[in-house]
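The values are calculated or read from the model by the stated rules, or taken from the named source; none is laboratory data. Bear in mind that the values here come from a model prediction, so they are computed numbers and not experimental data. In this analysis, Cβ positions are derived from the backbone assuming ideal geometry, glycine residues included, and neighbour counts consider all displayed protein chains. Remember, those area values only see protein heavy atoms, side chains included, never the ligands or the DNA or RNA. Shrake-Rupley method; radii C 1.70, N 1.55, O 1.52, S 1.80 Å.
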Amino acid sequence: MAVRVQAAPFDLGAEVTAFAEGRTDLGAVVTFTGLVRADGGATAMEIEHYPGMTERAIAAIADEAARRWSLGDVLVIHRHGRMAPGEAIMMVATAARHRADAFAAAEFLMDYLKSRAPFWKKELGPDGAAWVAAKDADESALERWSGGT
Amino acid sequence: MSLDVLYFAWVRERIGLPKERVETGADTVSGLVDELVAREERYAAAFADRSALRVAVDQELADFDAPLTGVREVAFFPPMTGG
């Protein structure tokens with residue numbers, strides 16, 4: 001399992017290629033990549049985070065995913081700082097023997113990263129800068145996991 | 001007792017600093033907030049609606065009624081928007 005919190009861009013292709021490379025016991029790799037949208041003419045996004053807590057929170061979420069599903073490996077990369085529309089903000093990759101575990105774990109990771117990892121997005125656009133508000137839907141997305149699996 | 005208090009996102013902007021060392025006699029996070037609010041208007045503005053804020057105690061999410069005994073670091077921030 002690997003968690004990386006960084007300002008620098010990452011090479012999605014290289015990360016996916018290297019992920020679970022050489023493992024012959026795993027039949028499925030699922031990846032998700034989050035990109036900056038140019039909503040309302042936004043020209044940039046700035047992401048603030050809580051160094052120290054961020055890494056701990058993501059590791060705890062990944063540990064929980066590994067406890068719930070049979071996973072061969074997990075990778076989470078999340079960027080902070082300033083990025084332009086179209087740039088990748090973050091990625092998760094999950095590897096498992098079978099795809100059901102890999103898909104479910106990737107969705108779980110995304111739902112929890114949205115509202116339980118200490119990142120805050122600010123959009124910069126023609127009307128100035130504004131903090132992105134959390135959505136009620138992000139919180140309710142966690143409820144589907146509360147019954148256990 | 002003294003501890004580090006951290007602020008993020010618009011809480012940081014409203015208070016005007018990212019981190020400070022605070023001397024407190026409070027037993028809980030709520031008590032600490034009461035002390036901060038009594039200091040200056042910018043704290044009162046930042047903490048006006050506590051339901052809009054989240055708190056972490058020693059880098060773990062916590063509630064406002066969490067005790068401060070032995071705590072080194074308390075952070076205040078709006079709901080997180082990662083992913």
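General observations
- Approximate spin-label separation A:GLU143-B:LYS19, in nm, with each point projected 7 Å along Cα-to-Cβ: 3.8 nm
- Chain A, helix-only ellipticity at 222 nm - DSSP H runs n ≥ 4, -39,500 (n - 2.57), divided by all residues, nearest 500: -9500 deg cm²/dmol
- Taking segment B:1-72 and dividing mean pair separation by its residue count, relative contact order in percent (alpha carbons under 8 Å, at least six apart): 31 percent
- For chain A, built as a Gaussian network whose Cα springs stay under 10 Å, the top-fluctuating residue of A:THR94, A:THR24, A:THR33: A:THR24
- Using alpha-carbon coordinates, inclination of helix A:99-116 to the longest axis of chain A, degrees: 30 degrees
- Dipole moment magnitude, nearest 20 debye, segment B:2-77 about Cα centre, only Lys, Arg, Asp, Glu C-beta charged: 280 debye
- Label point distance in nm, A:ARG68-A:MET1, each placed 7 Å from Cα along Cα→Cβ: 1.3 nm
- Computed from the C-beta positions of B:GLU41 and A:VAL132 and an R0 of 25 Å, the FRET efficiency is 0.40 to the nearest 0.05.
- Between A:ASP138, A:ASP73, A:ASP39, the GNM of chain A built on Cα springs shorter than 10 angstrom shows A:ASP39 fluctuating the most.
- Annotation for segment A:73-149: trypsin sites (Lys or Arg not before Pro) lying in DSSP loop with at most 13 further Cβ atoms inside 10 Å of their Cβ are A:LYS135.
- Under Karplus coefficients 6.51, -1.76 and 1.60, residue-wise ³J(HN,Hα) of segment A:41-56 in Hz, glycine/proline x: x, 4, 9, 6, 10, 10, 10, 9, 9, 10, x, x, 5, 4, 4, 5
- Remark: accessible area buried at the B-A interface is about 1900 Å², both chains counted, probe radius 1.4 Å.
- Distances between placed amide hydrogens fall under 5 Å for B:THR28 paired with B:LEU68, all partners being 5 or more residues away or on another chain.
- For segment B:25-65, GluC sites (Glu not before Pro) are listed when DSSP marks them as loop and at most 12 other Cβ atoms sit within 10 Å of their Cβ; the list is B:GLU40.
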